[in-house]
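Just below is one structure, and these are the notes that go with it.
The values are calculated or read from the model by the stated rules, or taken from the named source; none is laboratory data. Just so we're clear, the structure is a prediction, and the values are computed from it rather than from any experiment. Neighbour counts run over all protein chains shown; Cβ positions are idealised from the backbone, glycine included.
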Amino acid sequence: MICVGAAVMGVSASTGVAAASAAPVKEAGSSLVYPLVAIWSLHYSGATIQAAAGGSSVGIADAAQPSVDIGASDAPETPAQYGQNHGQVVEIPWALSATTAAYNIPGVNANGLKLSGKVLAEIYTGRIKSWNNSTIIRANPHYKKALQRAGKITPVFRSDGSGDSYAFQRFLTFGSAHAWSKGYSVSFPGPSNGVGENGNAGVAGEVKKVRGSIGYISGYYALTQHVKVAAVENAAGKYVLPNPSAILAASKSASHISGQGPGFTGLPITYPSRKFSTAYPISTYTYALINKNGHNLGAVKSFLSWVINSNGGQRYGFNTDFIQLPGGVRAADQGLINSL
């Protein structure tokens with residue numbers, strides 16, 4: 001199961017005398033990666049790192065302007081966004097984690113619930129409205145009584161533009177046996193019986209508060225907010241928890257970063273094939289978006305080179321559900337950094 005690690009939130013840290021002489025590196029966007037960037041800011045000595053959340057849509061927009069040095073997004077730019085910024089933004093996978101399916105069902109133990117992509121899709125389209133659903137109970141016979149008592153389901157989703165929404169919908173698109181037909185993007189078409197919340201922290205707070213609720217939340221927030229997370233069925237038919245080993249297994253399904261440009265897909269690792277039988281199926285990379293017209297590229301390149309180094313930023317985050325980047329990805333990243 002996933003293990004609780006140290007929480008680092010709301011950090012805009014100065015990292016010592018060396019940092020004081022360099023221009024600050026400003027980062028904003030993905031709330032999934034924000035806690036890890038905050039941890040990095042405490043350990044990096046080359047510059048002050050100013051980290052802010054706000055959602056992947058914010059990261060994409062801020063990188064395009066550019067109003068920050070690093071825009072963070074768990075979703076690649078769309079072709080339209082790439083065109084709008086005239087191809088000036090380079091997208092670099094710099095962290096690896098997962099989106100969880102978190103629930104609040106009294107009587108169902110932590111990590112005890114099993115959910116398939118089809119069930120999740122039908123919950124989030126409003127087709128399944130109660131935990132006392134025969135399909136859910138068949139997959140969870142040990143919790144039959146608790147599920148019968150749990151009553152209605154309240155689906156919680158991201159109201160802001162979110163990479164977790166992108167990863168979750170991408171999983172539903174490929175892993176729900178056609179039960180999800182809405183596609184995938186950073187916007188989520190919430191069901192009429194659902195509740196929209198801002199940021200991972202907002203979704204986690206709503207799930208903790210509302211009995212019978214379920215929400216998709218990045219691994220860090222599930223850990224630090226102490227919410228229960230489901231085992232999700234992968235392509236091999238196995239129910240898998242978002243453990244580090246399961247995220248690592250998913251990462252092995254894609255080792256080549258697609259070429260920069262309007263068709264950039266990054267490293268999609270949601271719902272890998274049955275060959276990856278131990279993979280957690282809602283694993284995701286997250287990306288640093290760098291505008292080549294930025295005015296602080298020297299400091300950005302130094303910071304990113306440290307981030308992807310096995311003796312630098314990759315030493316941090318394991319206990320908060322972030323996994324070290326594979327060696328091939330780190331090598332490709334360095335090439336992208338050098339190209340800035």
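The residue list ALA101, ALA72, ALA64 contains one member that is touching a strand residue (DSSP E or B) at 6+ places or on another chain (Cβ under 8 Å), at pLDDT below 95 and among the aliphatic types (A, V, I, L, M), which is ALA64.
Does SER162 satisfy the criteria of being over 26 Å from THR278 (Cα atoms) and surrounded by fewer than 18 Cβ atoms within 10 Å (Cβ to Cβ)? Answer is no for this residue. Among the listed residues SER134, SER162, identify the single one that is of a type outside the set (Val, Ile, Thr) and under 26 Å from the mean Cα position of the chain (by Cα). Unique residue meeting the criteria: SER162. Taking (1) out of contact with any helix residue (DSSP H, G or I) (no Cβ under 7 Å at 6 or more places or on another chain); (2) surrounded by fewer than 20 Cβ atoms within 10 Å (Cβ to Cβ); (3) in a helix (DSSP H, G or I) in turn, THR135 satisfies each apart from (1). Remark: ILE214 matches the filter, which requires a residue to be within 18 Å of the chain's Cα centre (by Cα) and buried (at least 24 other Cβ atoms within 10 Å of the Cβ).
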